[in-house]
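Some notes on the structure that comes next.
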Amino acid sequence: MKAVFEDIKLQKGLSSFYAYRFQVPNFEFKWHYHPEYELTFIVKGNGYRIVGNTYENYKDGDLVLLGSNLPHTWTGVATENELFDAIVIQFSKEFIHSFTNCEEAAAIKQMLENANRGIAFSEHKEIANAIIEMLSMDGYPKILKLISILNELSEMQYQFIAPNTFHTIASKKSERRINEICLFIQKNFNTAIRIQQLADQLYLTESNFCKFFKKSTGKTFSDYLNEIRINEASRLLTQTDKTISQISFECGYETLSYFNRVFLKKKKTTPSAFRNVNVI
């Protein structure tokens, strides 16, 4: 599946940036990209997101900044009779660069460059309140509030989402091909995916496919597939009452023993211990 270009200017008008809040029972955005930066704050809800070639779960309080032309998608559900609640802020490169072309804004500029891999923030309670407050503002005060939020974020610690070997979409054939393969894996991880099956899609030999995949993602096919499966297993362990054996099978593992070995390697603990520590 090819990432779809989203023309935000046509959809949202000609404003320098656009901020909106949506509250729905559940949602699923198509795999897409756009030239604007995107700051997303999850007020309430959980689900999974795909950013670049990385699959991960998210929950209440999640805050991420995505760079220009970084392909992504979100799927979310509400929690116990509550609507899924999220705030999205999208702003153009032209707009924000008019504020960052000075020495005082060096930290913001660096953060925006790092956002090409997607970045997630951990501690941001005050920022969350500022984002909510900004929604009720208009005119220049709203612009100043956004700049203030970005300045505060640039001084905080954050983690990269996609690996440093991932490249944003730039109409290159190889990038379109790896995005298609990664999305196929993310949608079919619970089935028996074979390397030859993927290699055939790109008209490559198994050996050349493995080299192409490692060069494009920074990970081997096996490592990438297991990362997606273990992330989903972690979600099921904490959010359902399914047995570990059931979860192992639903995540695509043919034997429980192999699932346990991979889980221990990825999470540094056993599935049962992980469930005991993380279930509230």
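The values are calculated or read from the model by the stated rules, or taken from the named source; none is laboratory data. Remember, it's a predicted structure, so these values are computed and weren't measured experimentally. A quick note on method: Cβ atoms are made from the backbone with ideal geometry, for glycine too, and the neighbour counts reach across all protein chains shown.
Listed values, structure above:
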| item | result |
| --- | --- |
| Given (1) surrounded by 13 or more Cβ atoms within 10 Å (Cβ to Cβ); (2) aliphatic (A, V, I, L, M); (3) free of Cβ contacts under 8 Å to residues at least 40 places away in the same chain, index of the condition residue 185 fails | (3) |
| Verdict on residue 159 being modelled with pLDDT of 85 or more, of a type outside the set (Gly, Ala, Ser), in a strand (DSSP E or B) and under 27 Å from residue 217 (Cβ atoms) | yes |
| Search result, residues across region 38-63 that are under 11 Å from residue 235 (Cβ atoms) and out of contact with any Phe, Trp or Tyr (no Cβ under 8 Å at 6 or more places or on another chain) | 59 |
| Single residue of region 247-265 satisfying the filter (in contact (Cβ under 8 Å) with a residue 40 or more places away in the chain and buried (at least 16 other Cβ atoms within 10 Å of the Cβ)) that is nearest to residue 231 (Cα to Cα) | 251 |
| Unique match (being more than 17 Å from the chain's Cα centre (by Cα), touching a residue at least 40 places away in the same chain (Cβ under 8 Å) and surrounded by fewer than 20 Cβ atoms within 10 Å (Cβ to Cβ)) among 95, 91 | 95 |
| Only one of 58, 20 that is under 22 Å from residue 156 (Cβ atoms), modelled with pLDDT of 85 or more and among the aromatic types (Phe, Trp, Tyr) | 58 |
| Residue pairs meeting the criteria (Cβ under 9 Å; at least 6 apart or on separate chains; first under 13 Å from residue 277 (Cα atoms), in region 227-240; second of a type in the set (Val, Ile, Thr) and surrounded by 21 or more Cβ atoms within 10 Å (Cβ to Cβ)) | 237/247 |
| Residue count for region 213-237, restricted to those that are surrounded by 15 or more Cβ atoms within 10 Å (Cβ to Cβ) and among the hydroxyl-bearing types (Ser, Thr, Tyr) | 4 |
| Near pairs, Cβ below 9 angstrom, 6+ apart or cross-chain, from region 151-163 (in contact (Cβ under 8 Å) with a residue 24 or more places away in the chain) to any residue that is charged (D, E, K, R) and surrounded by 15 or more Cβ atoms within 10 Å (Cβ to Cβ) | 154/109; 160/117; 161/49; 161/56; 161/117; 162/117; 163/117; 163/219 |
| Whichever residue in region 268-280 is modelled with pLDDT of 90 or more and assigned to a helix (DSSP H, G or I) and, among such residues, is nearest to residue 233 (Cα to Cα) | 271 |
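Condition check ((1) buried (at least 22 other Cβ atoms within 10 Å of the Cβ); (2) without any contact (Cβ under 8 Å) to a residue 24 or more places away in the chain; (3) under 27 Å from residue 217 (Cβ atoms); (4) not assigned by TED's automatic domain parsing to the domain that holds residue 219) across all residues:
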residue: 58; (1), (2), (3), (4): no, yes, yes, yes
residue: 61; (1), (2), (3), (4): no, no, no, yes
residue: 64; (1), (2), (3), (4): yes, no, yes, yes
residue: 81; (1), (2), (3), (4): no, yes, no, yes
residue: 87; (1), (2), (3), (4): no, no, no, yes
